[in-house]
Amino acid sequence: MIDVGDTLPDMELTKSDGSPMKLSDYHGQKLVLFFYPKASTPGCTTESKDFSALLPEFKKAGAAILGMSADSSKRQQNFINKQELTVDIASDESTEFLEKIGVWAEKKMYGKTYMGIIRSTFLIGPDGKVMQAWPKVKVKGHAEDVLAAVQAA
């Protein structure tokens, strides 16, 4: 998994509206990049809504927020609309980007093994380097913890 000091690969991803984007679109400002396993599931909904609720505070601290999963851009857009999310959401259906940064990994649940996203968050500096990493996130209170880190950075 990528770590503090690493630079993220600048691959083309897909916004929820289907248009292309790159992480370099955010260069020059701090970026909170959070990865969640699946849109519209309870933990992912809570996390995304928490970040959306705090978006004005993140903006005040000079940071943008981008959530991401392997869901299709259509599913991401439905998620945004249904939950009234205000954060940017991107899709990596190919999982190529997710694999390169180490959040796409083997997981186990109810005795079954499958590939999926490890819920993780990264604070990216204006220069594109990782300033702070939160691997294996627990949702409750996480957005607040990340906001405190952004404000302190």
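Some observations on this one:
- Sparse-neighbour loop sites [chymotrypsin sites (Phe, Trp or Tyr not before Pro); region 71-126; at most 16 other C-beta within 10 Å; DSSP]: Y110
- In the elastic network of the chain, a GNM with C-alpha springs shorter than 10 Å, the most mobile of A105, A133, A64 is A105.
- Sum of -39500 (n - 2.57) over DSSP H runs of 4+, divided by residues of the chain (222 nm, nearest 500): -8500 deg cm²/dmol
- Percent of Cα pairs in the chain per distance bin of 10 Å, from zero to the largest separation: 11, 45, 38, 6, 0.
- The chain: most fluctuating residue of I65, I101, I124 per GNM, C-alpha cutoff 10 Å: I101
- Distance in nm between pseudo-label sites at T7 and M115 (7 Å out along the Cβ direction from Cα): 2.7 nm
- Percent breakdown of C-alpha pair distances by 5 Å bin, ordered from the shortest bin, for region 1-41: 5, 15, 23, 29, 17, 9, 1
- Under a Gaussian network description of the chain, with springs only between Cα atoms under 10 Å, the residue in P42, P56, P126 that fluctuates furthest is P42.
- Taking other residues whose beta carbon is less than 13 angstrom from the beta carbon of A105, and scoring Lys, Arg as +1 and Asp, Glu as -1, yields +3.
- Qualifying trypsin sites (Lys or Arg not before Pro) in region 63-153, DSSP loop, other Cβ atoms within 10 Å at most 16: K136, K138, K140
Every number here is computed from the coordinates shown, using simple stated rules; none is lab data. Please read all numbers here as calculations on a predicted model, not as lab measurements. Using ideal geometry, Cβ is built from the backbone for each residue, glycine included, and neighbour counts are taken over all protein chains shown.
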